[in-house]
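The values are calculated or read from the model by the stated rules, or taken from the named source; none is laboratory data. The structure displayed is predicted, hence computed values, not measured ones. With ideal geometry, Cβ positions are generated from the backbone for all residues, glycine too; neighbour counts draw on all protein chains shown. For accessibility, only protein heavy atoms count, side chains too; no ligands or nucleic acids. Shrake-Rupley method; radii C 1.70, N 1.55, O 1.52, S 1.80 Å.
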Amino acid sequence: DQQVKQNSPSLSVQEGRISILNCDYTNSMFDYFLWYKKYPAEGPTFLISISSIKDKNEDGRFTVFLNKSAKHLSLHIVPSQPGDSAVYFCAASAVRSGGSNYKLTFGKGTLLTVNP
Amino acid sequence: DVKVTQSSRYLVKRTGEKVFLECVQDMDHENMFWYRQDPGLGLRLIYFSYDVKMKEKGDIPEGYSVSREKKERFSLILESASTNQTSMYLCASSLGVGYNSPLHFGNGTRLTVT
């Protein structure tokens, strides 16, 4: 039962254009969402997060949008740069539910390639 | 910056061997985690620890155990390595459990079991 889904295994965009990475979730208890970026042979690095009380969070070139009714979030990268080429993981947790809020549930990842 | 250090980048072990993967964090974080990453499966949680000597099973604990004797160190143990445990293993730590407490990952240990 995959609770966090990234349906696009890969995405290719031109340098300077917008990259949009999508993520869907099924667990309505999730209230904290994060994006991680992973280069080959390195561990994932935290990129940006959003809590369910917001619908948008922005940090420089990166913006995350959350649509709770659709159980959908997206990461926008504008403008895209070749150095953004990496695997991007969406992750979610249920912070307020009182359950096992130590756990992050990850999607399978999307490989972004930004072409010069 | 938080530093999470995994003792080995690459390991090759034989089936049936007992394998220890070590992880150390330098930021006095309460929580530590072990994930494995496999192609097409993403990151899956094996075990986590929220305090010294405390541990909880993640989603795929079978065939693994963990040890946390000191706050900064979290070890993953494969009691009898099998070929299906060939994978990239990632250790992580976090200060808290809520908002603004993202996981910080090490660079991973690629384990091959032959």
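Observations, loosely collected:
- Loop-located GluC sites (Glu not before Pro) in region B:12-80 whose Cβ has at most 10 other Cβ within 10 Å (DSSP): B:E62
- Cβ-placed point charges (K, R +1; D, E -1), dipole of chain A about Cα centre in debye, nearest 20: 200
- Here r is the Cβ-Cβ distance between A:N115 and A:D59 and R0 is 30 Å; the resulting FRET efficiency, rounded to 0.05, is 0.80.
- For region A:45-116, the solvent-accessible area of protein heavy atoms averages 43 Å² per residue (probe radius 1.4 Å; ligands and nucleic acids excluded).
- 15 Å beta-carbon shell around A:Y39, net charge (K/R +1, D/E -1): +2
- Within the accessible area of region A:1-78 (1.4 Å probe), percent carbon and sulfur: 47
- Region B:44-92, Rg to Rh (Cα coordinates; Rh as Kirkwood inverse mean 1/r): 0.95
- Each of B:K18 and A:V78 was given a label point 7 Å from its Cα along the Cα-to-Cβ line. The distance between the two points is 5.7 nm.
- Spin-label model, A:N7/A:S51: points 7 Å from Cα along the beta carbon direction are separated by 3.0 nm.
- Under the convention that each Lys and Arg Cβ holds +1 and each Asp and Glu Cβ holds -1, the size of the dipole of chain B around its Cα centre is about 320 debye.
- Average beta carbon contacts from partner chains per residue of B:99-109, 10 Å cutoff: 6
- Nearest-10 value in Å² for the accessible area of A:F46, using the 1.4 Å probe: 80
- Cα→Cβ-extended label distance, 7 Å offset, between A:E15 and B:E62, nm: 4.8
- Computing FRET efficiency as 1/(1 + (r/R0)^6) for B:T114 and B:R73, where r is the C-beta to C-beta distance and R0 is 35 Å, gives about 0.80.
- Net charge contributed by nearby residues that have their C-beta within less than 14 Å of A:P79 (K/R +1, D/E -1): 0
- Annotation note: trypsin sites (Lys or Arg not before Pro) in region B:28-103 located in DSSP loop regions with a Cβ neighbour count of at most 14 within 10 Å are B:K53.
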